[in-house]
Amino acid sequence: MEEWVGQQWHRFITRAADRNHAPAAVALPDMERAIGMLFRAGGGASAVRVSTAAAQRIGGARGLLQRIAGSGTHAELPRLEPETLALPARIAVFPDPELNRALYLWLAALAASGSDGPAFDGDDDGFDATATGWIGLNLRATRRALQRFPGLRGRHARLVEAQLALRPELQRLRGAAVDAERAVQAALRQDPLAPQLPLDATAARLQPGDVAPVWLWLESAPAPAPAANARQAGEPGEGGEDAAGQQAATQSDRKRRHAEEVKDERNNAPLMMFFRAESILSWGDFVKVNRASDEDENPDALAAADDMEAIAVAPDGERAASRVKFDLDLPSAAADDSPLGPGIRLPEWDWKRGVLQPEHCSVQCLIAHPGEPFTPTPALRATARRVRRRLEVLRAAPRPARAQPDGEEIDLDAWVRHQVEGGSGAPRSAAPSVYTRRVRSERSLATLLLADLSLSTDAYVWNGGGHAPRSSASSKLWKIGSRVDAVAEAASAAPEQRVIDIIREALYVFGEALHAGGDPFEMLGFSSVRRQNVRIQHLKGFDDAWNEPARARVGAIKPGYYTRMGAALRYATLRLAERPERQRLLLILTDGKPNDLDVYEGRYGLEDTRHAVQSAREAGLTPFCVTIDEAANDYLPMLFGQQGYALVHRPQDLVHRLAQVYAGLTR
């Protein structure tokens, strides 16, 4: 009974002390698409992702009910970091939901104006960032945002008025809080488009935690510690391989938490015992219990992380990569595949310095030793025949020729051009070319299929699709090209398959279908172990026949190592750029984002891959990615564009999905 009364009292007093306007709340998932579009349209970095901010301690005066309830001490403040724009999970600051939506959009515009330039770096307007502080940096970013988005000036004015109405009254404050609040209100009332004046010492020293939350401003992340930079750069002796062990947040938890680096002092006093000696041998040591290991997941870890204002991260001197070195070391020369040629060196994009590092990666093409012939199952042969027949029909179909003097249908684009030319005073043609006619044309097409053979493809697929250790969240399939109605019997015959087996079946069907059509094609696989060992697996070249040895090499593919996608894309671009065909298609088949043991984690790998994709487009190629990664929508639009990739929700459908993509891109 006492516990029930306590719960009811806590619920009552917490609701009474809550100053938010719950009926007008706006959730971040509902605004995430608009935020991303506005952020990138304003020049924000494409690799910066939107996530949920973590609660942190705030300042400002609290009311009587808040002190009784123990609330009003923490809030999810917006924060801009080099790789993340952390925003509150829901905004209910204002009683008008339109103002709450406008606040989300304003924060996106402010972040875009501060992430791509000097607004949060300190070299704008002749002021030093260390001298202007948090207020000065936000005032500069505000002015840049209003100059870049003139349409937001009215909304910003209403937001400032609403924010000033929420500020605490100066007569109710005491001590240093009065000067701090006065500086904030003066900065909010200042004309953002007027030249910024130097701030006084109080405003320059002010930090977000010293005053009540200013929802119109962002908090910028501090620069990484030198020790962290050294580890990211892979300096000797500092555990440069630890980047491989740093994993992103799980799919179910996208909250961005604060972290601070501390020194590990656990071994400073090795002879000191932090327990009672008489408890070394106890009856508990002889009870058979299921003891947790270091690899077991702690179900309370997320709750504990939410309760911490900052997560302390201390280097323990161990290298994460060394613990898995037994599985990921390169094989000996006698047991490895045969190299084709001496290998080449390719550049790599360093997004932090904004330079293309020449000859940074060593790429070696390998070919598997002759092995047992690949024997496809009858169901897989039937699937290959269906896909081959469908592609043959599409290849033989006539194609529309536009801007013709006669035809079956009106070409709207040509008609509009004809009307515009006539309206400009130019003489019109008596027989305008404003029709479309279906004609048979000779196709000039070369295709290169680049398959990801990293260690992640060794994972098994559940019956419902997706990797076994990943979540089963549904994803929308992109409808591209003509639909292939055949069912993938071969891919779904086994109740559980490895991803590498599904990729093998897709490569076989792809080879059978393209070989029957006569178009030149090449198949390559790729994996890597740091930048010194980027491995390209030669499966079938442009000049090779699709015969039993090529099928055997496809059947012999095996998972291993990591995914340095940028180097693989640059090698494939060199191979495909040598082809004389008019249309050159580069298909990438993968199951995850770029990664490797060194600094090729996170944004570094994404930016390098994005640069490689842009270089392929500049060379006249058409890159397109087919993936089974359920989190692909978070990063593939940044790499290939909204229409440059296809997400396969069920890996068993990969065979036919690849055929759909190929048919759609070659129509």
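The values are calculated or read from the model by the stated rules, or taken from the named source; none is laboratory data. Only a predicted model underlies this, so the values are computations on that prediction, with no experimental measurement involved. FYI the Cβ positions are ideal-geometry reconstructions off the backbone, even for glycines, and counts take in every protein chain you see.
Values for this structure:
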| read-out | value |
| --- | --- |
| Check on GLU83, in contact (Cβ under 8 Å) with a residue 24 or more places away in the chain and of a type in the set (Asp, Glu) | yes |
| Candidate set: the range 145-195, residues that are in a loop (DSSP other than H, G, I, E, B) and closer than 12 Å to LEU216 by Cβ; chosen: the one farthest from the chain's Cα centre (by Cα) | ARG167 |
| Any hit, the range 61-70, residues being over 26 Å from the mean Cα position of the chain (by Cα), more than 16 Å from ALA17 (Cα to Cα) and at pLDDT 85 or above | no |
| Residue count for the range 569-605, restricted to those that are of a type in the set (Ser, Thr, Tyr) and over 14 Å from SER528 (Cβ atoms) | 1 |
| Filtered residues of the range 629-667 (kept if under 28 Å from ASP519 (Cα atoms) and small (Gly, Ala, Ser)) | GLY641, GLY644, ALA646, ALA659, ALA663, GLY664 |
| From LEU366, LEU380, LEU391, residue being part of a helix (DSSP H, G or I), touching a Ser or Thr at 6+ places or on another chain (Cβ under 9 Å) and at pLDDT 75 or above | LEU391 |
| Residue under evaluation THR609, criteria (1) in contact (Cβ under 8 Å) with a residue 24 or more places away in the chain; (2) surrounded by fewer than 23 Cβ atoms within 10 Å (Cβ to Cβ); (3) not small (Gly, Ala, Ser), criterion not met | (2) |
| Qualifying residue in the range 532-553 (condition: of a type in the set (Val, Ile, Thr), in a strand (DSSP E or B), modelled with pLDDT under 90 and surrounded by 20 or more Cβ atoms within 10 Å (Cβ to Cβ)) | no |
| Residues of the range 482-507 that turn out to be at pLDDT 90 or above and within 12 Å of ALA384 (Cα to Cα), as a count | 3 |
| Residue tally, condition under 30 Å from LEU514 (Cα atoms) and buried (at least 24 other Cβ atoms within 10 Å of the Cβ), over the range 593-606 | 1 |
| Residue among THR73, THR52 that is touching a helix residue (DSSP H, G or I) at 6+ places or on another chain (Cβ under 9 Å), modelled with pLDDT of 85 or more and more than 20 Å from LEU107 (Cα to Cα) | THR73 |
| Complete set of residues in the range 500-531 that are in a loop (DSSP other than H, G, I, E, B) and hydrophobic (A, V, I, L, M, F, W, C) | VAL529 |
| Hits in the range 342-355 - residues which are aromatic (Phe, Trp, Tyr) and in a loop (DSSP other than H, G, I, E, B) | TRP351 |
| Tally, over the range 568-614, of residues that are in contact with a Lys or Arg (Cβ under 8 Å, 6 or more places away or on another chain), among the aliphatic types (A, V, I, L, M) and under 19 Å from TRP349 (Cβ atoms) | 4 |
| Residue count for the range 543-571, restricted to those that are in contact (Cβ under 8 Å) with a residue 40 or more places away in the chain and within 23 Å of GLY371 (Cβ to Cβ) | 13 |
| Which listed residue is in a loop (DSSP other than H, G, I, E, B), modelled with pLDDT of 85 or more and either outside the structural domain of GLU548 (by TED's automatic domain parsing) or basic (Lys, Arg) (or both), from PRO358, PRO427, PRO373 | PRO373 |
| Failed condition for PHE510, given (1) closer than 17 Å to LEU391 by Cα; (2) touching a strand residue (DSSP E or B) at 6+ places or on another chain (Cβ under 7 Å); (3) at pLDDT 90 or above; (4) surrounded by 24 or more Cβ atoms within 10 Å (Cβ to Cβ) | (3) |
| Residue ID - farthest from PRO559 (Cα to Cα), chosen from residues in the range 440-456 that are at pLDDT 90 or above and small (Gly, Ala, Ser) | ALA446 |
